[in-house]
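The values are calculated or read from the model by the stated rules, or taken from the named source; none is laboratory data. Predicted, not measured: the structure shown is a model, and the values here were computed from it. So basically every Cβ, Gly included, is an ideal-geometry build from the backbone, and we count neighbours across all protein chains shown. These area figures cover heavy atoms from the full protein model, side chains too; ligands, DNA and RNA do not enter into them. Shrake-Rupley method; radii C 1.70, N 1.55, O 1.52, S 1.80 Å.
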Amino acid sequence: MNQATSSDDELSQLRRVAAGDRKAFEALYHLYYRRLFAYLWKITRRGEIVEEVLNDVMLAIWTGAARFDGRSRPSTWIFGIAYHKALKALARLQPVAAWPEPETREEPEPVDADEPESLMNRRELKTTLGKALGALSPEQRAVVELTYYYELPYGEIAEIVGCPVNTVKTRMFHARKRLKQLLPRFGIGATG
Amino acid sequence: MTEENTMERQASSARRERLHERVSELIPWYVNGTLAAAERERVEEHLAQCAGCRGEAAAARELGRAFREEEEFAPSPHPLQLARLLARIDEVERQRSRPLRFLRALKARGPRTLLASSSRPVRRLVAAQAAALLLVLGAAGALGWKILRQAPPSTFVTLADPAPAAQIHVVFAEEASERQIQALLASVHGQIVAGPSPLGVYTLQVPAPAASGDSLAVVLDHLRRSREVSFVVPMAGGASGGQGR
(Lines give C-alpha, C1' and ligand atoms only; values in the text may rest on other atoms or scores of the structure.)
Protein backbone atom coordinates (compact mmCIF):
# COMPACT_ATOMS: atom_id res chain seq x y z
CA MET A 1 0.00 0.00 0.00
CA ASN A 2 2.65 2.39 1.11
CA GLN A 3 4.86 1.26 -1.68
CA ALA A 4 2.11 1.79 -4.24
CA THR A 5 1.58 5.33 -3.02
CA SER A 6 5.24 6.24 -3.13
CA SER A 7 5.44 4.59 -6.53
CA ASP A 8 2.60 6.83 -7.74
CA ASP A 9 4.34 9.89 -6.34
CA GLU A 10 7.51 8.92 -8.13
CA LEU A 11 5.59 8.37 -11.33
CA SER A 12 4.11 11.86 -11.27
CA GLN A 13 7.55 13.20 -10.40
CA LEU A 14 9.02 11.42 -13.41
CA ARG A 15 6.31 12.86 -15.62
CA ARG A 16 7.23 16.32 -14.44
CA VAL A 17 10.90 15.61 -15.06
CA ALA A 18 9.96 14.49 -18.56
CA ALA A 19 8.35 17.89 -19.04
CA GLY A 20 11.62 19.57 -18.06
CA ASP A 21 10.72 20.44 -14.47
CA ARG A 22 14.01 20.94 -12.65
CA LYS A 23 12.49 21.22 -9.22
CA ALA A 24 10.93 17.79 -9.67
CA PHE A 25 14.28 16.50 -10.88
CA GLU A 26 16.11 17.81 -7.86
CA ALA A 27 13.48 16.27 -5.60
CA LEU A 28 13.92 12.94 -7.35
CA TYR A 29 17.67 13.29 -7.00
CA HIS A 30 17.38 13.75 -3.26
CA LEU A 31 14.87 10.94 -3.00
CA TYR A 32 17.13 8.51 -4.83
CA TYR A 33 20.63 9.62 -3.99
CA ARG A 34 21.27 7.39 -1.01
CA ARG A 35 19.42 4.45 -2.48
CA LEU A 36 21.37 4.67 -5.69
CA PHE A 37 24.64 5.21 -3.90
CA ALA A 38 24.19 2.06 -1.82
CA TYR A 39 22.95 0.08 -4.79
CA LEU A 40 25.79 1.16 -7.08
CA TRP A 41 28.29 0.38 -4.40
CA LYS A 42 26.82 -3.07 -3.91
CA ILE A 43 27.01 -3.84 -7.61
CA THR A 44 30.40 -2.32 -8.38
CA ARG A 45 32.21 -2.62 -5.03
CA ARG A 46 34.35 0.23 -6.38
CA GLY A 47 33.81 3.30 -4.26
CA GLU A 48 35.80 5.54 -6.56
CA ILE A 49 33.35 5.30 -9.44
CA VAL A 50 30.06 5.38 -7.57
CA GLU A 51 29.51 9.15 -7.57
CA GLU A 52 30.36 9.50 -11.22
CA VAL A 53 28.08 6.64 -12.21
CA LEU A 54 25.33 8.06 -10.02
CA ASN A 55 25.47 11.33 -11.92
CA ASP A 56 25.41 9.40 -15.19
CA VAL A 57 22.28 7.66 -13.99
CA MET A 58 20.59 10.90 -13.00
CA LEU A 59 21.52 12.51 -16.30
CA ALA A 60 20.03 9.51 -18.12
CA ILE A 61 16.86 9.97 -16.08
CA TRP A 62 16.69 13.60 -17.11
CA THR A 63 17.14 12.86 -20.79
CA GLY A 64 15.12 9.64 -20.80
CA ALA A 65 12.19 10.37 -18.52
CA ALA A 66 9.95 11.06 -21.50
CA ARG A 67 10.56 7.52 -22.72
CA PHE A 68 9.53 5.91 -19.45
CA ASP A 69 6.27 4.18 -20.33
CA GLY A 70 5.03 3.52 -16.81
CA ARG A 71 4.64 -0.19 -17.35
CA SER A 72 7.13 -0.98 -14.61
CA ARG A 73 7.62 0.77 -11.31
CA PRO A 74 9.77 3.90 -11.50
CA SER A 75 12.28 2.31 -9.12
CA THR A 76 12.59 -0.72 -11.42
CA TRP A 77 13.31 1.55 -14.35
CA ILE A 78 15.83 3.63 -12.38
CA PHE A 79 17.61 0.60 -10.93
CA GLY A 80 17.77 -0.84 -14.42
CA ILE A 81 19.50 2.26 -15.72
CA ALA A 82 21.86 2.17 -12.75
CA TYR A 83 22.68 -1.48 -13.34
CA HIS A 84 23.66 -0.89 -16.93
CA LYS A 85 25.62 2.28 -16.18
CA ALA A 86 27.48 0.42 -13.45
CA LEU A 87 28.46 -2.42 -15.76
CA LYS A 88 29.60 0.06 -18.38
CA ALA A 89 31.73 1.91 -15.87
CA LEU A 90 33.31 -1.32 -14.69
CA ALA A 91 34.03 -2.31 -18.25
CA ARG A 92 35.77 1.02 -18.80
CA LEU A 93 37.87 0.40 -15.71
CA GLN A 94 38.90 -3.07 -16.73
CA PRO A 95 38.44 -3.61 -20.42
CA VAL A 96 39.90 -7.11 -20.27
CA ALA A 97 37.92 -9.93 -18.67
CA ALA A 98 38.64 -9.05 -15.10
CA TRP A 99 35.97 -11.10 -13.39
CA PRO A 100 36.98 -14.70 -13.03
CA GLU A 101 34.19 -17.12 -13.73
CA PRO A 102 33.37 -19.63 -11.03
CA GLU A 103 35.51 -22.21 -12.82
CA THR A 104 38.69 -20.16 -12.81
CA ARG A 105 40.70 -20.12 -9.65
CA GLU A 106 41.59 -16.79 -8.26
CA GLU A 107 39.58 -16.53 -5.17
CA PRO A 108 39.77 -15.09 -1.72
CA GLU A 109 40.83 -17.66 0.81
CA PRO A 110 37.93 -19.76 2.02
CA VAL A 111 37.25 -19.29 5.67
CA ASP A 112 38.60 -22.01 7.89
CA ALA A 113 35.60 -24.04 8.94
CA ASP A 114 37.38 -25.41 12.02
CA GLU A 115 37.90 -22.05 13.65
CA PRO A 116 36.07 -21.82 16.98
CA GLU A 117 32.53 -20.45 16.82
CA SER A 118 33.38 -17.82 19.42
CA LEU A 119 35.68 -16.03 17.02
CA MET A 120 33.03 -15.79 14.43
CA ASN A 121 31.55 -12.51 15.46
CA ARG A 122 29.20 -10.53 13.32
CA ARG A 123 31.74 -8.10 12.03
CA GLU A 124 33.90 -10.90 10.78
CA LEU A 125 30.94 -12.50 9.13
CA LYS A 126 30.15 -9.33 7.29
CA THR A 127 33.71 -8.92 6.13
CA THR A 128 33.69 -12.47 4.93
CA LEU A 129 30.43 -11.95 3.11
CA GLY A 130 31.78 -8.78 1.53
CA LYS A 131 34.86 -10.60 0.30
CA ALA A 132 32.85 -13.45 -1.08
CA LEU A 133 30.54 -11.06 -2.90
CA GLY A 134 33.58 -9.33 -4.32
CA ALA A 135 34.53 -12.61 -5.94
CA LEU A 136 31.29 -12.82 -7.90
CA SER A 137 30.87 -11.24 -11.30
CA PRO A 138 28.95 -7.95 -11.18
CA GLU A 139 26.09 -9.65 -13.01
CA GLN A 140 25.86 -12.40 -10.40
CA ARG A 141 26.34 -9.95 -7.56
CA ALA A 142 23.46 -7.81 -8.80
CA VAL A 143 21.11 -10.79 -8.84
CA VAL A 144 22.21 -11.85 -5.36
CA GLU A 145 21.86 -8.35 -3.89
CA LEU A 146 18.52 -7.73 -5.55
CA THR A 147 17.26 -11.01 -4.15
CA TYR A 148 18.66 -11.05 -0.65
CA TYR A 149 19.10 -7.40 0.20
CA TYR A 150 16.33 -5.78 -1.83
CA GLU A 151 14.07 -8.83 -1.60
CA LEU A 152 12.70 -8.49 -5.11
CA PRO A 153 10.88 -11.18 -7.08
CA TYR A 154 12.87 -12.79 -9.89
CA GLY A 155 10.55 -11.24 -12.48
CA GLU A 156 11.41 -7.74 -11.40
CA ILE A 157 15.09 -8.59 -11.22
CA ALA A 158 14.88 -9.80 -14.82
CA GLU A 159 13.41 -6.43 -15.78
CA ILE A 160 16.14 -4.52 -13.97
CA VAL A 161 19.04 -6.42 -15.45
CA GLY A 162 17.29 -6.71 -18.79
CA CYS A 163 17.48 -10.45 -19.35
CA PRO A 164 15.12 -13.45 -19.36
CA VAL A 165 13.93 -14.89 -16.05
CA ASN A 166 15.85 -18.09 -16.73
CA THR A 167 19.09 -16.16 -16.97
CA VAL A 168 18.40 -14.63 -13.58
CA LYS A 169 17.90 -18.10 -12.13
CA THR A 170 21.06 -19.38 -13.79
CA ARG A 171 23.12 -16.49 -12.45
CA MET A 172 21.75 -17.13 -9.00
CA PHE A 173 22.55 -20.83 -9.33
CA HIS A 174 26.19 -20.10 -10.16
CA ALA A 175 26.42 -17.40 -7.51
CA ARG A 176 25.14 -19.83 -4.87
CA LYS A 177 27.64 -22.44 -5.94
CA ARG A 178 30.41 -19.91 -5.66
CA LEU A 179 29.26 -18.58 -2.30
CA LYS A 180 29.13 -22.14 -1.00
CA GLN A 181 32.81 -22.54 -1.79
CA LEU A 182 33.71 -19.29 -0.15
CA LEU A 183 31.44 -19.33 2.85
CA PRO A 184 31.45 -22.84 4.23
CA ARG A 185 31.09 -21.43 7.66
CA PHE A 186 27.89 -19.67 6.81
CA GLY A 187 26.16 -22.98 6.93
CA ILE A 188 25.74 -22.61 3.24
CA GLY A 189 28.09 -25.45 2.58
CA ALA A 190 26.30 -27.71 5.03
CA THR A 191 24.12 -29.27 2.40
CA GLY A 192 26.12 -29.90 -0.57
CA MET B 1 7.28 -57.19 -15.28
CA THR B 2 10.37 -56.41 -13.22
CA GLU B 3 11.80 -54.61 -16.22
CA GLU B 4 8.68 -52.48 -16.40
CA ASN B 5 8.99 -51.70 -12.73
CA THR B 6 12.59 -50.69 -13.13
CA MET B 7 11.72 -48.39 -16.01
CA GLU B 8 8.92 -46.85 -14.03
CA ARG B 9 11.19 -46.32 -11.09
CA GLN B 10 13.80 -44.70 -13.31
CA ALA B 11 11.20 -42.46 -14.91
CA SER B 12 9.81 -41.34 -11.62
CA SER B 13 13.26 -40.76 -10.21
CA ALA B 14 14.08 -38.59 -13.25
CA ARG B 15 10.86 -36.67 -12.68
CA ARG B 16 11.76 -36.18 -9.05
CA GLU B 17 15.22 -35.00 -10.06
CA ARG B 18 13.77 -32.41 -12.43
CA LEU B 19 11.32 -31.24 -9.81
CA HIS B 20 14.15 -31.06 -7.30
CA GLU B 21 16.18 -28.87 -9.66
CA ARG B 22 13.27 -26.60 -10.49
CA VAL B 23 12.37 -26.15 -6.85
CA SER B 24 15.95 -25.75 -5.76
CA GLU B 25 16.48 -22.79 -8.06
CA LEU B 26 13.41 -21.08 -6.60
CA ILE B 27 14.64 -21.30 -3.01
CA PRO B 28 16.19 -17.81 -2.86
CA TRP B 29 12.85 -16.28 -3.82
CA TYR B 30 10.92 -18.63 -1.59
CA VAL B 31 13.05 -17.36 1.26
CA ASN B 32 12.67 -13.69 0.34
CA GLY B 33 8.91 -14.19 0.25
CA THR B 34 8.23 -13.08 -3.31
CA LEU B 35 7.01 -16.28 -4.98
CA ALA B 36 3.50 -16.44 -6.34
CA ALA B 37 1.16 -18.66 -4.32
CA ALA B 38 1.27 -21.62 -6.71
CA GLU B 39 5.04 -21.71 -6.81
CA ARG B 40 5.32 -21.23 -3.10
CA GLU B 41 3.06 -24.23 -2.50
CA ARG B 42 5.08 -26.33 -4.90
CA VAL B 43 8.26 -25.43 -3.04
CA GLU B 44 6.69 -26.19 0.33
CA GLU B 45 5.47 -29.58 -0.83
CA HIS B 46 8.91 -30.44 -2.04
CA LEU B 47 10.65 -29.17 1.08
CA ALA B 48 8.52 -31.49 3.18
CA GLN B 49 10.09 -34.43 1.36
CA CYS B 50 13.62 -33.23 0.61
CA ALA B 51 16.12 -32.74 3.41
CA GLY B 52 18.70 -31.34 0.98
CA CYS B 53 16.40 -28.52 -0.09
CA ARG B 54 15.43 -27.85 3.52
CA GLY B 55 19.11 -27.33 4.24
CA GLU B 56 19.40 -25.03 1.23
CA ALA B 57 16.47 -23.00 2.44
CA ALA B 58 17.96 -22.67 5.92
CA ALA B 59 21.27 -21.55 4.45
CA ALA B 60 19.50 -19.07 2.17
CA ARG B 61 17.64 -17.64 5.15
CA GLU B 62 20.91 -17.24 6.98
CA LEU B 63 22.45 -15.52 3.98
CA GLY B 64 19.46 -13.20 3.66
CA ARG B 65 19.81 -12.20 7.29
CA ALA B 66 23.51 -11.42 6.79
CA PHE B 67 22.68 -9.27 3.78
CA ARG B 68 20.09 -7.29 5.61
CA GLU B 69 22.49 -6.72 8.49
CA GLU B 70 25.15 -5.34 6.20
CA GLU B 71 25.45 -1.68 6.95
CA GLU B 72 24.35 0.47 4.12
CA PHE B 73 27.16 2.72 3.08
CA ALA B 74 25.35 5.71 1.65
CA PRO B 75 26.33 9.28 2.41
CA SER B 76 24.04 12.21 1.82
CA PRO B 77 24.61 14.04 -1.42
CA HIS B 78 27.24 16.74 -1.40
CA PRO B 79 25.93 20.03 -2.83
CA LEU B 80 28.87 20.14 -5.22
CA GLN B 81 27.81 16.89 -6.77
CA LEU B 82 24.33 18.13 -7.51
CA ALA B 83 25.80 21.34 -8.88
CA ARG B 84 27.99 19.33 -11.23
CA LEU B 85 25.03 17.29 -12.35
CA LEU B 86 22.94 20.39 -12.99
CA ALA B 87 25.81 21.89 -14.96
CA ARG B 88 25.90 18.77 -17.11
CA ILE B 89 22.17 19.04 -17.63
CA ASP B 90 22.58 22.67 -18.64
CA GLU B 91 25.15 21.56 -21.12
CA VAL B 92 22.83 18.90 -22.53
CA GLU B 93 20.06 21.44 -22.86
CA ARG B 94 22.39 23.90 -24.51
CA GLN B 95 23.46 21.25 -26.99
CA ARG B 96 19.82 20.59 -27.76
CA SER B 97 19.09 24.22 -28.52
CA ARG B 98 22.52 25.31 -29.64
CA PRO B 99 21.96 26.19 -33.31
CA LEU B 100 19.25 28.66 -32.45
CA ARG B 101 21.05 30.36 -29.61
CA PHE B 102 24.26 30.57 -31.50
CA LEU B 103 22.57 32.11 -34.48
CA ARG B 104 21.04 34.73 -32.24
CA ALA B 105 24.37 35.42 -30.60
CA LEU B 106 26.10 35.92 -33.90
CA LYS B 107 23.36 38.13 -35.20
CA ALA B 108 23.78 40.34 -32.18
CA ARG B 109 27.38 41.00 -33.14
CA GLY B 110 29.84 40.09 -35.82
CA PRO B 111 32.05 37.13 -35.04
CA ARG B 112 35.12 38.99 -36.26
CA THR B 113 34.86 41.61 -33.59
CA LEU B 114 34.62 38.97 -30.98
CA LEU B 115 37.55 37.11 -32.43
CA ALA B 116 39.76 40.11 -32.79
CA SER B 117 39.48 41.44 -29.33
CA SER B 118 39.00 38.41 -27.14
CA SER B 119 41.76 36.57 -25.38
CA ARG B 120 43.11 33.41 -26.89
CA PRO B 121 40.91 30.81 -25.15
CA VAL B 122 37.81 32.73 -26.06
CA ARG B 123 39.12 33.24 -29.54
CA ARG B 124 39.75 29.56 -30.05
CA LEU B 125 36.33 28.58 -28.81
CA VAL B 126 34.52 31.20 -30.76
CA ALA B 127 36.57 30.53 -33.85
CA ALA B 128 35.68 26.86 -33.81
CA GLN B 129 32.00 27.54 -33.40
CA ALA B 130 31.98 30.42 -35.83
CA ALA B 131 33.66 28.33 -38.47
CA ALA B 132 30.93 25.75 -38.16
CA LEU B 133 28.24 28.37 -38.32
CA LEU B 134 29.74 30.35 -41.15
CA LEU B 135 29.36 27.27 -43.30
CA VAL B 136 25.66 27.32 -42.60
CA LEU B 137 25.20 31.03 -42.85
CA GLY B 138 27.41 31.35 -45.88
CA ALA B 139 24.90 29.32 -47.80
CA ALA B 140 22.15 31.63 -46.64
CA GLY B 141 24.13 34.64 -47.79
CA ALA B 142 23.91 36.27 -44.42
CA LEU B 143 27.42 37.53 -44.04
CA GLY B 144 26.84 41.21 -43.63
CA TRP B 145 27.84 41.56 -40.01
CA LYS B 146 27.38 44.72 -38.11
CA ILE B 147 30.24 45.61 -35.89
CA LEU B 148 28.84 46.45 -32.52
CA ARG B 149 31.26 47.56 -29.89
CA GLN B 150 29.43 47.33 -26.64
CA ALA B 151 26.49 44.95 -26.80
CA PRO B 152 27.42 41.79 -24.91
CA PRO B 153 26.61 38.51 -26.60
CA SER B 154 24.01 36.15 -25.27
CA THR B 155 25.34 33.08 -23.55
CA PHE B 156 26.68 30.74 -26.12
CA VAL B 157 30.16 29.70 -25.16
CA THR B 158 30.45 27.44 -22.17
CA LEU B 159 32.50 24.52 -21.05
CA ALA B 160 30.93 21.55 -19.37
CA ASP B 161 33.88 20.41 -17.35
CA PRO B 162 36.58 23.00 -17.22
CA ALA B 163 40.14 22.41 -16.17
CA PRO B 164 41.15 23.95 -12.84
CA ALA B 165 41.66 27.64 -13.43
CA ALA B 166 41.91 30.74 -11.36
CA GLN B 167 40.67 33.16 -13.97
CA ILE B 168 37.40 33.43 -15.75
CA HIS B 169 36.30 35.60 -18.64
CA VAL B 170 32.99 37.28 -18.04
CA VAL B 171 30.73 39.65 -19.90
CA PHE B 172 28.19 41.35 -17.69
CA ALA B 173 24.67 41.89 -18.90
CA GLU B 174 23.92 45.38 -20.12
CA GLU B 175 21.15 45.85 -17.64
CA ALA B 176 23.22 44.78 -14.63
CA SER B 177 23.86 47.59 -12.19
CA GLU B 178 27.19 48.18 -10.52
CA ARG B 179 25.77 47.14 -7.21
CA GLN B 180 24.44 43.89 -8.61
CA ILE B 181 27.79 43.14 -10.14
CA GLN B 182 29.56 43.86 -6.88
CA ALA B 183 27.19 41.54 -5.04
CA LEU B 184 27.79 38.84 -7.60
CA LEU B 185 31.55 39.20 -7.32
CA ALA B 186 31.31 39.02 -3.56
CA SER B 187 29.23 35.86 -3.77
CA VAL B 188 32.03 34.05 -5.60
CA HIS B 189 34.82 35.93 -3.78
CA GLY B 190 35.89 37.13 -7.17
CA GLN B 191 37.91 40.13 -8.21
CA ILE B 192 38.16 41.83 -11.55
CA VAL B 193 41.80 41.75 -12.60
CA ALA B 194 41.54 42.94 -16.17
CA GLY B 195 39.15 44.41 -18.67
CA PRO B 196 36.98 45.49 -20.15
CA SER B 197 38.19 44.54 -23.58
CA PRO B 198 36.60 46.44 -26.45
CA LEU B 199 33.91 43.78 -26.34
CA GLY B 200 33.27 44.25 -22.68
CA VAL B 201 35.06 41.10 -21.57
CA TYR B 202 36.36 41.22 -18.01
CA THR B 203 38.84 38.84 -16.46
CA LEU B 204 37.69 37.64 -13.12
CA GLN B 205 39.94 36.02 -10.58
CA VAL B 206 38.61 33.61 -7.98
CA PRO B 207 40.64 32.65 -4.92
CA ALA B 208 42.67 29.45 -4.95
CA PRO B 209 40.31 27.18 -2.97
CA ALA B 210 37.51 27.98 -5.37
CA ALA B 211 39.72 27.65 -8.40
CA SER B 212 40.14 23.91 -8.60
CA GLY B 213 38.02 21.05 -9.84
CA ASP B 214 34.51 20.86 -8.51
CA SER B 215 34.53 24.23 -6.86
CA LEU B 216 35.34 25.95 -10.10
CA ALA B 217 32.50 24.13 -11.81
CA VAL B 218 30.18 25.43 -9.13
CA VAL B 219 31.43 28.98 -9.48
CA LEU B 220 31.03 28.84 -13.24
CA ASP B 221 27.60 27.38 -12.90
CA HIS B 222 26.63 30.08 -10.48
CA LEU B 223 27.88 32.78 -12.83
CA ARG B 224 26.08 31.27 -15.78
CA ARG B 225 22.84 31.20 -13.89
CA SER B 226 22.99 34.74 -12.65
CA ARG B 227 21.12 37.38 -14.60
CA GLU B 228 23.96 39.85 -14.34
CA VAL B 229 26.19 37.76 -16.56
CA SER B 230 25.73 37.06 -20.22
CA PHE B 231 28.97 35.30 -21.06
CA VAL B 232 31.24 33.07 -19.01
CA VAL B 233 34.25 31.06 -20.01
CA PRO B 234 37.07 29.80 -17.80
CA MET B 235 40.65 30.41 -18.75
CA ALA B 236 42.36 27.08 -19.17
CA GLY B 237 45.08 26.24 -16.70
CA GLY B 238 44.85 29.47 -14.73
CA ALA B 239 46.88 31.33 -17.32
CA SER B 240 48.06 34.72 -16.24
CA GLY B 241 47.16 38.00 -17.75
CA GLY B 242 43.85 37.65 -19.51
CA GLN B 243 42.77 40.37 -21.83
CA GLY B 244 44.30 43.75 -21.28
CA ARG B 245 42.48 46.96 -21.91
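Tabulated values for the structure
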item	result
Accessible surface buried once A binds B (1.4 Å probe; total of both sides; Å²)	4300
FRET efficiency, A:GLU52 to B:GLU174 (Cβ-Cβ, R0 56 Å, nearest 0.05)	0.90
List of segment A:142-183 residues, accessible area with partners at least 30 Å² below that of the chain alone (1.4 Å probe)	A:THR147, A:TYR148, A:TYR149, A:GLU151, A:PRO153, A:TYR154, A:LYS169, A:ARG176
FRET efficiency, B:ARG227 to B:GLU39 (Cβ-Cβ, R0 60 Å, nearest 0.05)	0.50
Label point distance in nm, B:SER187-B:ARG65, each placed 7 Å from Cα along Cα→Cβ	5.5
Amide proton proximity set for B:SER230, modelled H, under 5 Å, gap of 5+	B:VAL171, B:PHE172, B:ALA173
Karplus (6.51, -1.76, 1.60) ³J(HN,Hα), θ = phi - 60°, over segment B:194-202, in Hz, Gly and Pro reported as x	7, x, x, 6, x, 8, x, 8, 9
Fraction of accessible area attributable to carbon and sulfur, segment B:1-98 (%, probe 1.4 Å)	49
Segment A:1-83 - percent of accessible surface contributed by carbon and sulfur, probe 1.4 Å	51
